[in-house]
Amino acid sequence: MENIDSSAEHAAVLRTEAEKRSKATNAWIDRFEPDELTPMAVRQAFNELHVHQIELEMQNEELRRAQLELDMARARYFDLYDLAPVGYCTLNEQGLIMEANLTAATLLGVIRGVLAGQPISRFILKEDQDGYCQQRKQLFATGETQSLELRMVKKEGAVFWVQLQIAAAKDEGGAPVCRITLSDVTARKMLESELVIMAHVDTLTRTLNRPAFLEKASREIARARRTGMQCAVMFVDLDHFKSVNDTLGHSVGDELLKDTALGLAACIRETDMMARVGGDEFLILLNDLESGQGAQYIAERIREKFNAPRLIAGNDLFITASIGIAVYPHDGDSLEDLLKNADTAMYAAKESGRNMFRFFDLEMNKNAVTKMQVERDLRGALDKKEFVLFYQPVVNVADGRVRGFEALLRWFRTGGGLVFPDEFIPVAEETGLIVPIGAWVLDEACRFGKQLVDRGFIDLVISVNISVVQLRRKNLVDIIKSALDQNGLRPELLEIEVTESLCIESFDAAVEILKAISALGVLVSLDDFGTGYSSLVHLQKLPIKNLKIDRLFINEIAKESDENAMIPAIIDLTHKLKLGVVAEGVETGIQLEKLAANRCDYYQGYLFSKPLPADEVIPFMEAHNGKQG
Ligand code: C2E
Ligand code: MG
Ligand code: MG
């Protein structure tokens, strides 16, 4: 630039000098009156003119040379401008590109010609446009050159990082413009982020490393303190990992760790965090929990996930995990305490036989452990023939005759005595064990029903409770059909009881299955009415025969309360829908009287009989028939 400027200046000086001289010559001639122009004077004048002419030509030559130098310098300048490793462009006050060098065009992935008139912001990634606008404002406010790093987008869509400098300037006409330089810093940015990742991530599993986990986890705990939510620290340690390393080699061990990290990630939410903090040790932080129950749910998922063989580098490996859990704020107020307590709980899990989880808190532990033990024992219970059915009579309110029996499941657990359904049905449902158990119940109930028929009780209906989990399986209809066929029981002597919870999820699918069941001739009734969510709209769609009012309502019937008024209303409505009403849990004569007064059809409860073991049913019926006369 300097070169060009000085050449241009020089040429300008020469030009004015030449003009000055030409004017001087003319002035010199003009000096003379015509009579003064003697031959002598003319010759002298001519000589002087000649000298001037020579001088002028010399000056012209110099001017030409200066012009040439100027042109060359200008060409050199444009070469340098275009080939500079940084992109340059000039923007007008509206931010539109006025001109740009070749590098800028190449960076933006366009030919230079199309740039003029385009807003530069068109090439800036949307998320980074605010930053750019702020810097531009700042530039106009202070006049100081601004510098920032942002992401731009090439015409074909590729994103790249640039360092952008904006300086204020004036164009030839004095109007304010911006001069922008763009340097591609993508490579440096990538390196920087790679370094950040390396500093925070465990390179084998790509999970967080210990320092990064500690830093983030402390922040989460501080947040929980502010929001009043709970969070949990989970210590996960693989069982017998060392033996994999020792027998199959480190590369298989590494693959197992990678698989474990993936498995754990699949069990937690995206907002939770996980780190590998030692050979086979992982830490998990579960945030935004309502209670420790949430942690138990995740721990169950993890245990289930690793409680199956995994194919690792061609080996079928069965490697379970032991898990320790500490919940904030219950088990510690600081991350340090929570880590220590989760660690203690993890060792307790190892000591109790591995492949389980433990809460640091003993009370929470008791629930979790009980549940795990129930699950473990439940798995063997069918094979060990530990289930039996009890039968509770369902009685006609009007004449006291027994309509049939409800089959109620009991579990004679080895070493644990008699277990009632409320203690194990939820676990059986959660684990899916209810499906084989439920199939056994159906078969056993049909067998017993046929036995009653064979003993002369030809019209007693046997009711069997069906879980929603069973209803979700398409083969329930086949299972029922085969139980009837195998045992030779007439379908109208079997009734299935479904609860209102089927109305919550996939109601339409459940309706289809229930229709198929009732098409077999089997009766369907709705159990525990009043405790769920069913509306009359739902009821009308269901192919049901009877409605069983939950015993919570029956409890109220003899009291002077508002709920009192509900029973007559329910019975009335049910009758209008042409359904029978069964009252559950009738314990007193007063309750029965009120039910009778409200034309309830059937009842069931301790008042008439508790659920009976199978071998007491026939003697009970014989005695009862005797009483009925
Ligand atoms: P549910 O179907 O409503 O059965 C009635 C429950 O009330 C039975 O409890 C019965 O023993 C109890 N009960 C009957 N009369 C009275 C009474 O007068 N007072 C009181 N306080 N209770 C009475 P159980 O046998 O413990 O069964 C509880 C629940 O377990 C059943 O409620 C049913 O939902 C479920 N269940 C039972 N057996 C099975 C089964 O084989 N499969 C499935 N999926 N669930 C079952
Ligand atoms: Mg029932
Ligand atoms: Mg019930």
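The values are calculated or read from the model by the stated rules, or taken from the named source; none is laboratory data. What you see is a predicted model; the values in this text were computed from it and never measured. FYI the Cβ positions are ideal-geometry reconstructions off the backbone, even for glycines, and counts take in every protein chain you see. Remember, those area values only see protein heavy atoms, side chains included, never the ligands or the DNA or RNA. Shrake-Rupley method; radii C 1.70, N 1.55, O 1.52, S 1.80 Å.
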| Given R₀ = 35 Å, FRET efficiency for residue 301-residue 188 by Cβ-Cβ distance, to 0.05? | 0.25
| task | Report ³J(HN,Hα) in whole Hz for each residue of the stretch 286-299, in order, from the Karplus equation J = 6.51 cos²θ - 1.76 cosθ + 1.60 where θ = phi - 60°; Gly and Pro get x. | result | 9, 10, 6, 8, 6, 7, x, 4, x, 5, 5, 4, 5, 4
| Under the rule of -39500 (n - 2.57) per DSSP H run of 4 or more residues, summed and divided by the residues of the chain, what mean residue ellipticity at 222 nm is obtained, to the nearest 500 deg cm²/dmol? | -16500 deg cm²/dmol
| task | Grab the Cα-Cα distance for residue 134 and residue 147, subtract it from 0.36 nm times how many residues apart they are, and report the gain in nm with one decimal. | result | 3.6 nm
| said: Can you tell me, using C-alpha contacts under 8 Å and at least 6 residues apart, the relative contact order of the chain as a whole percent? | reply: 7
| message | Run the numbers for residue 473 and residue 293: contour at 0.36 nm per residue of separation, minus the present Cα-Cα distance, in nm. | response | 62.0 nm
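Please state the relative contact order of the stretch 374-624 as a whole percent: Cα pairs under 8 Å, 6+ residues apart?
Computed over the stretch 374-624, the figure is 19 percent.
Ranked highest first by the average count of other Cβ atoms within 10 Å around their residues, in what order do 202-214, 597-609, 141-153 fall?
The most tightly packed comes first, giving 597-609, 202-214, 141-153.
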| How many nm separate the modelled label positions at residue 607 and residue 155, each set 7 Å beyond the Cα in the direction of the Cβ? | 8.9
| Between residue 398 and residue 482, what is the FRET efficiency for a Förster distance of 35 Å, r being their Cβ-Cβ separation, to the nearest 0.05? | 0.45
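Tally up the carbon and sulfur contribution to the accessible surface of the stretch 336-380 as a whole percent, 1.4 Å probe, everything protein left in place. Intermediate results must be reported in sequence, preceding the final value.
Values: 1180 of 2400 Å².
With neighbouring chains kept in place, the figure for the stretch 336-380 is 49 percent.
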| task | Take the Cα atoms of the chain, find their three principal axes, and give me the spread along each one in whole Å, biggest first. | result | 174, 66, 47
| request: Provide the FRET efficiency to the nearest 0.05 for the residue 30-residue 170 pair, computing r from the beta carbons and using R0 = 35 Å. | output: 0.20
| task | May I ask you to list the residues of the stretch 301-330 whose amide nitrogen lies under 17 Å from a point 7 Å from Cα along the Cα→beta-carbon direction of residue 251? | result | 312-316
| message | For residue 216, give me every one of the aspartates and glutamates with a C-alpha distance below 12 angstrom, ignoring sequence neighbours fewer than eight places off in its own chain. | response | 272
| For the pair residue 430 and residue 311, how long in nm is the line joining their label points, each one 7 Å along Cα→Cβ? | 3.1
| Once the other residues with Cβ under 12 Å from the Cβ of residue 341 are scored (Lys, Arg +1; Asp, Glu -1), what is the net sum? | -4
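Quick one: length gained pulling residue 118 to residue 347 fully straight, 0.36 nm per residue minus the C-alpha distance?
75.8 nm
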| message | If amide hydrogens are placed 1.01 Å from N in the peptide plane, which non-local residues have theirs closer than 5 Å to the one on residue 461? | response | 404, 405
